[in-house]
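Report on the structure given below.
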Amino acid sequence: MKILISESSNKMILTESVLNDIKDKLMSAKEVAIMAIKSTAKQLNMDLKFLLTWGASIGGLMGPLSDYINGNYPEIDEASVYSLIVGAVSIVFYNNEIQIRKVIEDIQEKGLSDVFSDVLEKTKELKNTLSDFISSVGITVGQVGNIISYAFLIPIIPMLISLSTNSDADTSLLVNKLVKSLLSSGGVALSANLLKVILTKIVERIKQTQS
């Protein structure tokens, strides 16, 4: 028996699927960040609490960096991957090379200086991509205080574009669903109200460019 699904029902199912994918992506990224910070801190006997200034949002940056290193340098062990991530994020987003001197020395001792330079460039690339994206939708970094607070957007930008383009739901309903998924992931450090303002701008801008 052939089961027919209306276009609107199909879009609703796809919307819920993407919302779940967004939640799963951020949960995974958050886990990577926690592991990277805890592992490096324990391995080198360091206090890396400053990396949690913006809470779970940092996972949106560390997750993609971990994927990049594992994809391009599969021979590097997990502890070294975490050190590379912590070092790159600390320098690019926190300008804190002095406080992570132990991490840099550890990377050099392991002969990973060239890899670290590459990861630094990738981190800068992600930062610029994030900055360009939030500027394109009319958001100023000063509204939150630091670009790192937007880092949760990095791994989900393609999903946000797909969701905003293909969903039949009005902006308000879609944003409310997004806020619920993002907050339940534990991968966002912003308040529900601020998140709603930011996502409304993003969804509206994407719909405008696609219309």
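The values are calculated or read from the model by the stated rules, or taken from the named source; none is laboratory data. If you're wondering where the values come from, they're calculated on a predicted model, not measured in any experiment. For neighbour counting, all protein chains shown are included, and Cβ atoms are generated from backbone atoms with ideal geometry for every residue, glycine included.
Worth a mention:
- When Asn95, Asn20, Asn70 are checked against the criterion of being modelled with pLDDT of 95 or more and over 15 Å from the mean Cα position of the chain (by Cα), Asn70 stands alone in meeting it.
- For the range 73-82, residues that are out of contact with any Phe, Trp or Tyr (no Cβ under 9 Å at 6 or more places or on another chain) and either within 15 Å of Thr123 (Cα to Cα) or among the acidic types (Asp, Glu) (or both) total 4.
- The set of residues in the range 81-140 being closer than 16 Å to Gly60 by Cα and of a type in the set (Ser, Thr, Tyr) consists of Tyr82, Ser90, Tyr94, Thr123, Thr129, Ser131.
- Residues satisfying the stated conditions in the range 98-113, i.e. of a type in the set (A, V, I, L, M) and either touching a Gly at 6+ places or on another chain (Cβ under 7 Å) or at pLDDT below 95 (or both): Ile98, Ile100, Val103, Ile104, Ile107
- Per this entry, Phe116 is not counted among residues that are closer than 16 Å to Pro64 by Cα, among the aromatic types (Phe, Trp, Tyr), in contact with a helix residue (DSSP H, G or I) (Cβ under 7 Å, 6 or more places away or on another chain) and touching a residue at least 40 places away in the same chain (Cβ under 8 Å).
- Verdict on Leu120 being hydrophobic (A, V, I, L, M, F, W, C), within 20 Å of the chain's Cα centre (by Cα) and closer than 22 Å to Lys30 by Cβ: no
- Residue in the range 47-67 that is out of contact with any helix residue (DSSP H, G or I) (no Cβ under 8 Å at 6 or more places or on another chain), farther than 21 Å from Phe152 by Cβ, in a helix (DSSP H, G or I) and not acidic (Asp, Glu) present: no
- Only one entry in Gly71, Gly111, Gly63 is surrounded by 12 or more Cβ atoms within 10 Å (Cβ to Cβ) and either among the β-branched types (Val, Ile, Thr) or out of contact with any Asp or Glu (no Cβ under 6 Å at 6 or more places or on another chain) (or both), namely Gly63.
- Restricting attention to the range 130-175 and to residues that are of a type in the set (Ser, Thr, Tyr) and surrounded by 13 or more Cβ atoms within 10 Å (Cβ to Cβ), the residue that is farthest from Ile91 (Cα to Cα) turns out to be Ser167.
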